[in-house]
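The values are calculated or read from the model by the stated rules, or taken from the named source; none is laboratory data. What you see is a predicted model; the values in this text were computed from it and never measured. Every residue, glycine as well, gets a Cβ built from its backbone with ideal geometry; the counts of neighbours run over all protein chains shown. Note: accessible area is taken over every heavy atom of the protein model, side chains too, but ligands, DNA and RNA are not part of it. Shrake-Rupley method; radii C 1.70, N 1.55, O 1.52, S 1.80 Å.
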Amino acid sequence: SFKLNETSKYPVGLQFSGHTHKGQFWPLGYIDGKMFEKDWGYIKKRITHFYNSSGFGTAGIPMRVGTQSEIVNIRLGN
């Protein structure tokens, strides 16, 4: 599970999290949304910025149905 509150207790500025496949198969994304505080996208807690990707690939069965793949491109700097 993603322990956002636990991580945000420490001086961590940024965390990228592994993907949940955003459910990989519709409507399983709704279950992810209930299991995790933030199953996809960006959230900030205290000083920590979190980003969780829906991922590009698959787990187990090589297909996605009713969900979006993504490749995240983030530029860090001033």
> How many residues does the range 3-39 contain that are within 14 Å of the chain's Cα centre (by Cα), farther than 15 Å from Asn73 by Cα and not in a helix (DSSP H, G or I)?
Replying inline: 7
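Looking for whichever is in contact with a Ser or Thr (Cβ under 7 Å, 6 or more places away or on another chain) and not acidic (Asp, Glu) here; the options are Gly18, Gly33, Gly29, Gly60. Which one fits? Spell out how you get there, then give the answer.
Working: Gly18 fails: in contact with a Ser or Thr (Cβ under 7 Å, 6 or more places away or on another chain); Gly33 fails: in contact with a Ser or Thr (Cβ under 7 Å, 6 or more places away or on another chain); Gly60 fails: in contact with a Ser or Thr (Cβ under 7 Å, 6 or more places away or on another chain).
Unique residue meeting the criteria: Gly29.
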> Restricting attention to the range 39-53, and to residues there that are modelled with pLDDT under 90 and not polar (S, T, N, Q), which single residue is most open to solvent (accessible area, probe 1.4 Å)?
Replying inline: Trp40
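Residue-by-condition table, conditions (1) at pLDDT 90 or above; (2) open to solvent by less than 40 Å² (accessible area, probe 1.4 Å):
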residue: Pro11; (1), (2): yes, no
residue: Tyr30; (1), (2): no, no
residue: Met35; (1), (2): no, no
residue: Gly55; (1), (2): no, yes
residue: Thr58; (1), (2): no, no
